[in-house]
1. Please find, within segment 118-127, the residue that is surrounded by the most Cβ atoms within 10 Å (Cβ to Cβ) out of those that are assigned to a loop (DSSP other than H, G, I, E, B) and not hydroxyl-bearing (Ser, Thr, Tyr).
2. Output the residues belonging to segment 225-241 that are surrounded by fewer than 18 Cβ atoms within 10 Å (Cβ to Cβ) and modelled with pLDDT of 85 or more.
3. Looking at segment 19-39, which of the residues that are among the aliphatic types (A, V, I, L, M) and more than 17 Å from the chain's Cα centre (by Cα) is nearest to Glu54 (Cα to Cα)?
4. Looking at segment 128-227, what helices (runs of 4 or more DSSP H) fall wholly within it and have at least 3 residues that are farther than 17 Å from Ala247 by Cβ?
5. Residue by residue through segment 128-170, note down the ones that are surrounded by fewer than 21 Cβ atoms within 10 Å (Cβ to Cβ), touching a strand residue (DSSP E or B) at 6+ places or on another chain (Cβ under 7 Å) and of a type in the set (Gly, Ala, Ser).
6. Residues of segment 171-200 being surrounded by fewer than 24 Cβ atoms within 10 Å (Cβ to Cβ), within 18 Å of Ala215 (Cβ to Cβ) and aromatic (Phe, Trp, Tyr), which ones?
Amino acid sequence: MAKSEPTLEQIYYVILPLIRRAGQMLVARQRDLWGKSDKDRIARGREIEAEVREFVTSTLQQLFPEYGVHGAGGKMPQSWQWVVTPLDGSRYYFRGLPIFTTAIALRDKGEVVLGVVLQPVSGNVFHAFKGNGAFLNTHPIQVSNQKDWSGASAYVPEGKQLIAATNAGADCYNLGVTSLGLCYLAAGVYDLLLVPLDMVGLFSQTAGLIIAREAGAKLSDAAGGALGGGAKQNTLLATTSSLQKKAVQVFSK
């Protein structure tokens with residue numbers, strides 16, 4: 001009898017203890033950074049990030065030996081592949097601040113089908129399954145119903161985008177952790193998000209992107225076009241359906 005594939009929900013509950021353990025490692029080892037020089041703190045921070053990546057990657061390979069892990073070497077399978085982002089928000093993490101995430105996503109034939117983002121300090125887990133919505137812990141989440149630009153809560157970087165959004169009447173914030181911004185957008189905390197990302201950075205946000213999409217967010221570049229497209233530099237725009245057209249007008253000027 002052929003072995004049946006586990007469901008996405010079953011896979012989620014298998015990897016949930018793993019991502020929580022990765023978060024515990026990040027929190028515990030962040031203490032190693034206190035009192036160090038900038039150079040030593042960054043060097044140790046990179047070591048911690050690599051240690052967590054290795055732990056998550058090796059554990060996934062043990063739990064799911066027939067699945068590949070992006071960047072882990074070896075022959076990649078045609079179907080299932082993990083994408084591991086051990087640390088998002090490194091500039092805060094290296095400073096000893098509690099604003100960072102760790103994430104795992106799963107792709108099937110190149111299509112993202114599962115995304116999990118953990119905020120280790122709060123313990124909150126955001127996750128989504130393709131076609132089955134997004135969740136904060138066990139609670140379903142969805143993007144806000146904000147329809148007007150005036151008073152909209154916008155996650156944007158510094159610079160001309162911030163000025164444009166503010167001049168248009170939005171209330172602007174920037175946590176500096178894109179995965180967290182995408183998850184808060186999915187939960188209705190933010191109404192739109194704009195972040196410049198190269199293709200490597202975009203790929204590292206795989207988990208956050210499916211969470212935002214499954215919560216009802218519209219994802220595009222700043223001009224309203226498809227993300228990626230072979231460009232070396234992209235701007236990720238994530239909004240509610242009602243705000244997308246206005247956001248493109250504001251940010252494409």
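1. The qualifying residue surrounded by the most Cβ atoms within 10 Å (Cβ to Cβ) is Pro120.
2. Ser241
3. By that ranking, first place goes to Met25.
4. By residue number, 178-186, 199-204, 206-214.
5. Residues satisfying the conditions are Gly133, Gly151, Ser153.
6. Tyr184
The values are calculated or read from the model by the stated rules, or taken from the named source; none is laboratory data. Small disclaimer: the values here were computed from a predicted structure and weren't measured. Heads up, the Cβs are rebuilt from the backbone with ideal geometry, glycines too, and the neighbour counts pull from every protein chain shown.
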